[in-house]
1. In whole Å, how far is the Cα centre of the stretch 39-89 from that of the stretch 163-238?
2. Taking a ≥ b ≥ c as the square roots of the eigenvalues of the Cα gyration tensor of the stretch 136-265, is the shape rounded (a/c under 1.5), prolate (a/b larger than b/c) or oblate?
3. Quantify, in whole percent, the carbon and sulfur part of the accessible surface of the stretch 1-94 (1.4 Å probe; protein heavy atoms only).
4. Taking every pair of distinct Cα atoms and averaging 1/r, then inverting, what Kirkwood hydrodynamic radius in Å comes out for the stretch 65-140?
5. Does the stretch 1-106 classify as rounded, prolate or oblate by the C-alpha gyration tensor (a ≥ b ≥ c root eigenvalues; a/c under 1.5 gives rounded; else a/b over b/c gives prolate, otherwise oblate)?
6. Can you pull the accessible area of Val40 for me, 1.4 Å probe, Å² to the nearest 10?
7. Ranked by accessible surface with a 1.4 Å probe, highest first, in what order do Leu221, Leu159 come?
8. May I ask you to order 19-30, 180-191 by the average number of other C-beta atoms within 10 Å around their residues, highest value first?
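The values are calculated or read from the model by the stated rules, or taken from the named source; none is laboratory data. Remember, predicted model here, so these are calculated numbers, not experimental data. Using ideal geometry, Cβ is built from the backbone for each residue, glycine included, and neighbour counts are taken over all protein chains shown. Ligands, DNA and RNA are excluded from the accessible area calculation, which covers all protein heavy atoms including side chains. Shrake-Rupley method; radii C 1.70, N 1.55, O 1.52, S 1.80 Å.
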Amino acid sequence: MAGAAPTTAFGQAVIGPPGSGKTTYCLGMSEFLRALGRHVAVVNLDPANEGLPYECAVDVGELVGLGDVMDALQLGPNGGLLYCMEYLEANLDWLRAKLDPLRGHYFLFDCPGQVELCTHHGALRSIFSQMTQWDLRLTAVHLVDSHYCTDPAKFISVLCTSLATMLHVELPHVNLLSKMDLIEHYGKLAFNLDYYTEVLDLSYLLDHLASDPFFRHYRQLNEKLVQLIEDYSLVSFIPLNIQDKESIQRVLQAVDKANGYCFGVQEQRSLEAMMSAAMGADFHFSSTLGLQEKYLEPSEQSVEQEAMQL
């Protein structure tokens, strides 16, 4: 019925390793969404998250606290966090009772940063799966630090982690390179930015690794890892600077396409926006070259010259 409250809710499950900027992303994205007129509810699912910078609609700390678990069960921070997620999984009726009054809001779930929760432990995946049965359409937003691109070995590791996360979480997925303003803080990029965002021919990374005496001994292992990533051909990245509104808008467009929000009736949409979502085109496309000029120092050598040196 036209006057009925919407039963389908939409949201983002913000995941990623510790320090990748998940909480900062939730703060920036929530402010951006409210500026667009959306009703936003930020849900903290990280029991280790203290001093939250955003207004929290639901806090898992009300159900279980990491410090209490560590003291009571004599667990370390990693084991305690896994126990907290398993406890939340066993008490999802508490979470549903908290979320039901917020139906009609756009949800941002600030998730724990423990990597194994998104790669092989089943608690968080089970929680996401149950929420989809509550007619909550989520997109997994996976953040990784952009400065890993400056180290070929770390970038391959990031690709493996991102691929494992995509296969394990089983949600529509968007990978982000966060902190784009700091991308060259630890070194220069070997290739143009689109090489990393589109995950192009990774054999060139192997050539860079071969120049390192340590990684030269593991060339066959790296070749198999690269082959695995390319065989799946699933991983790509969107650059993000949470302080740049254009960057946030670009991410939001990808997320809205992934969870189907752009096909809903919550907002007025132009034909251009609908065609952009349906056909995969982007009429307001900002090229990766523009981002490279914005965030990266100009290289003194071309890619072809660097390839000739290799």
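1. Each part's Cα centre sits 31 Å from the other's.
2. Values: a/c = 2.81, a/b = 1.60, b/c = 1.75.
It is oblate, given that a/c is not under 1.5 and a/b is not larger than b/c.
3. Values: 2330 of 4480 Å².
Carbon plus sulfur share of accessible area: 52 percent.
4. About 13.5 Å for the stretch 65-140.
5. On the way: a/c = 2.82, a/b = 1.59, b/c = 1.78.
Verdict is oblate for the stretch 1-106.
6. 20
7. Numbers: Leu221 95, Leu159 0 Å².
Descending order: Leu221, Leu159.
8. Numbers: 19-30: 20.7, 180-191: 16.5.
Put in order of decreasing packing, that is 19-30, 180-191.
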